[in-house]
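Enquirer: This is the structure, below, for whatever I ask next.
The values are calculated or read from the model by the stated rules, or taken from the named source; none is laboratory data. Given the structure is predicted, the values throughout are model-derived calculations rather than measurements. We place every Cβ from the backbone using ideal geometry, glycine too, and count neighbours over all the protein chains shown. Only protein heavy atoms, including side chains, enter the accessible area calculation; ligands, DNA and RNA are left aside. Shrake-Rupley method; radii C 1.70, N 1.55, O 1.52, S 1.80 Å.
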Amino acid sequence: MTAKTIYGKLSALRPQGREVPKPKTGKRAAPVSVLLTEAGIHLLLGAVLAGAVLFGESAPFGVAFAAAAGSGLYGASALVGVCFGAMAALDFAAGLRYSAAAILTFAVHFAFCDWKVLRRPWAMPLTAAALSAFTGLIVRNPAGWRGTDGLYFVLETVLTGLAAWAFRGALAPMYRQKGDRPSPAARRVGPLALLCACLAAAAPLSLFGIPMLGAAAVGGCALYLRAPERVLIWLGVRPEQGASADPRAQRVVRQKLEQTSGAFRTLYDSLRSAFRPPDNDNDVSAVFDRAAGRQCRGCALRDRCWKNDYNTTFNALNDATPAMVERGRAEPADFPRHFADRCVQFPAFVAAVNEELTALFYRRQYNARIRESRAAVCRQYAQLSDLLGDAAAELSRELTPDPAGERRLRQRLTELHLDVRSCVYRDGRGLVRVEAEGPDCPALARPSRLKDLSAALGVPLRVELEGEDALSLLQQEPLMAVAGVAARKKTGETVSGDAGTYFKRHDGKLYLLLCDGMGSGPDANRESTLAVRLMEQLLQAGVEAKRALATLSSALALRGEETGGFTTVDLLQLDLFTGEGELFKLGAAPTYIKKGGDVQRLSGKSLPAGLAEGEPEAMDHFSLRLSPGDCVLMVSDGVCPGPEDGWLRERLGRFDGTSPKDLARELVTRDLKDATDDRTALVVRMDRRA
């Protein structure tokens, strides 16, 4: 074993329960008093359990406890306690046997602690059972076997493995490493198994002689294991509540994002000022100059036409220009008769003019595309700068701790006998957020427990994220939406060119999105599906709706240079805490809002995404506020293709809110014989959450 390997093994002798992290991780190291207290508990438990005798001469609990404690600081403390207890409470041969089994168990874990197989819940219990049996065979073989010795030996071996598995669950409050977690069953059985083992060790003790050492160990250890926070508070030490974000690290990240955002903004400004239209001759007069340079250079009448009669030639070409440009091609009749009769190469001159005119149109088209592409690139840099700036601002909006709510929540968790560490915060809008960690977190996700916690904090809660030993709760929104969607493809097509979705973000904002690709069929479906997927990803990432639409429009404009397509976009954003909403449109069909018995139509004039400029000002924007009972209807242009929408408004006005899906189905199936376009309807009714 090399020096490097030995150093790595020795580094394993560290606290396994609360690992001391590096300073730059932002986590706080456990207090020394806590480490010494827990190490002392392991030593005391090891000494007490090593003296628990079963079946007359078997003492399996000391070896099992050494296997459960591992190879770190706690494991070394447990090993010392087991060896001391075994040699003090048992006869010399038995004490030597169980001390050897405990030492071998500790050595196996110490030497091979980096093996993944030893991190399995069953690995160390099997190891302890095997080593206990091995040492038992060595000790018992010379003495011989009596009638029931074999049965007791098998029971001792099995009990050693089971006790090691259960003890690991009992020690779970002091072991919080993610890679080495006991199973939920071990956590439930472990404290009871440890209590029974300690009682077995304390049974021979009386009130005189040794003053109830085992009973004291039982009470103290059980108190610490089941209520560690109260014991530490009594000791004057506040237990750590998990890792908290380092404000300095947040500040550094925020500054980096702000600097990067400023760099992209500077790049945007420099590119916008540097981009100039290409220096190409786009003047129509250049058409005649280029044609004359090709045809008149070697003509015998060159000096007469372009020197002596220059004004006559100039006027003749000016007279031909309007008709030629409007038509896109020059005809012999566009030129005056006297010019055509005098020009000895007139047919060739007209052909040269047409070639140069076509080249002029191509140059104009090329210049326009260059300007649009450069403008789109500039807008993308500007939008990237804005997104980075928003991310930096989000980091600066830290959650505010809620001490009063945290105190009430901890009191309630104590009353429910749940082993959970929790923190309560409020965000920038004053909404409650709860972060919980501990083995009993899955129990908090039950509806009955959520009601208990909601009553303790005074606000309804819902589960945001749920892990094995962690849980995030957010304040529940007072409003909810009931949505119904129906779609029907154009007659003769295999797929619909419309695409839509609706989803709720973690901050309580509801989004309804409907896109209609140009035309119908697979190509239109591909474009609309791409727009929906991109918009959903941007919105789910927290991007502001206006910026997400601007980014989508710029991206589709660049994509449209090759595909030539575009997509209409209808986006509704609703805050389920306040009922306030915003409606954005890019070339989409009208949206209808029903409040009471009145129906309001919201229509825009903007171009679809891919044709409109990627600027927030290029899209239609409406602000609205919805209350319980209000309805929103979003449709593609195939539902109501003409300007007359009285029937649709009348049907929405009669809608009683019972089934949004039935209304959407009714709208898309009306007059199927006239289904000349794809049809999609999305109906949403606002309700108050029970």
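Enquirer: How long is the gain from Leu199 to Ala333 if the chain were fully straight, where each residue apart is worth 0.36 nm and the alpha carbon distance is subtracted? Kindly include the intermediate steps, with their values, before the conclusion.
Expert: Numbers: separation 134, 0.36 × 134 = 48.24 nm, distance 11.83 nm.
My answer for the length gained is 36.4 nm.
Enquirer: Where the centre of each part is set by its Cα atoms, how far does the stretch 521-555 sit from the stretch 330-355, in angstrom?
Expert: 53
Enquirer: Taking all protein chains in place and a 1.4 Å probe, what share, in percent, of the accessible surface of the stretch 480-618 do carbon and sulfur account for?
Expert: Values: 2830 of 5750 Å².
With neighbouring chains kept in place, the figure for the stretch 480-618 is 49 percent.
Enquirer: May I pose another question? Return the FRET efficiency for the residue pair Glu644, Thr494: r is the Cβ-Cβ distance, R0 is 30 Å, and the value is rounded to the nearest 0.05.
Expert: Working: r = 30 Å, r/R0 = 1.01.
Between Glu644 and Thr494 the formula returns 0.50.
Enquirer: If I take R0 = 35 Å and measure r between the Cβ atoms of Glu666 and Phe577 in this structure, what FRET efficiency does the formula 1/(1 + (r/R0)^6) give, to the nearest 0.05? The partial results should precede the final answer.
Expert: Working: r = 32 Å, r/R0 = 0.91.
It comes out at approximately 0.65.
Enquirer: For Phe361 and Thr501, what does the FRET efficiency come to when R0 = 35 Å and r is the distance between their Cβ atoms, rounded to the nearest 0.05? Present the calculation step by step, with values, prior to reporting the outcome.
Expert: Details: r = 42 Å, r/R0 = 1.21.
Efficiency computed from Cβ-Cβ geometry: 0.25.
Enquirer: Please work out how much length the chain gains when fully extended from Lys307 to Arg446, using 0.36 nm per residue of separation minus the C-alpha to C-alpha distance, in nm with one decimal.
Expert: On the way: separation 139, 0.36 × 139 = 50.04 nm, distance 9.78 nm.
The Lys307-Arg446 span can extend by a further 40.3 nm.
Enquirer: I would also like to ask the following. The stretch 584-690: which GluC sites (Glu not before Pro) are DSSP loop and have at most 13 other beta-carbon atoms within 10 angstrom? Could you put the intermediate results ahead of the total?
Expert: Working: sites: Glu613, Glu617, Glu644, Glu650, Glu666; in loops: Glu613, Glu644.
When the GluC sites (Glu not before Pro) of the stretch 584-690 are filtered for loop state and at most 13 Cβ neighbours within 10 Å, Glu644 remain.
Enquirer: Given points 7 Å out from each Cα along the Cα-Cβ axis, report the Val344 to Ala185 separation in nanometres with one decimal.
Expert: 11.0
Enquirer: If you don't mind, another one. Filter Lys451/Lys546; Lys490/Lys595; Lys451/Lys594; Lys451/Lys595; Lys489/Lys546; Lys509/Lys594 down to the pairs with a C-alpha to C-alpha distance above 26 Å, please. Write out the running numbers ahead of the final one.
Expert: Numbers: Lys451/Lys546 37 Å; Lys490/Lys595 32 Å; Lys451/Lys594 34 Å; Lys451/Lys595 33 Å; Lys489/Lys546 30 Å; Lys509/Lys594 20 Å.
Distance filter (> 26 Å) returns Lys451/Lys546; Lys490/Lys595; Lys451/Lys594; Lys451/Lys595; Lys489/Lys546.
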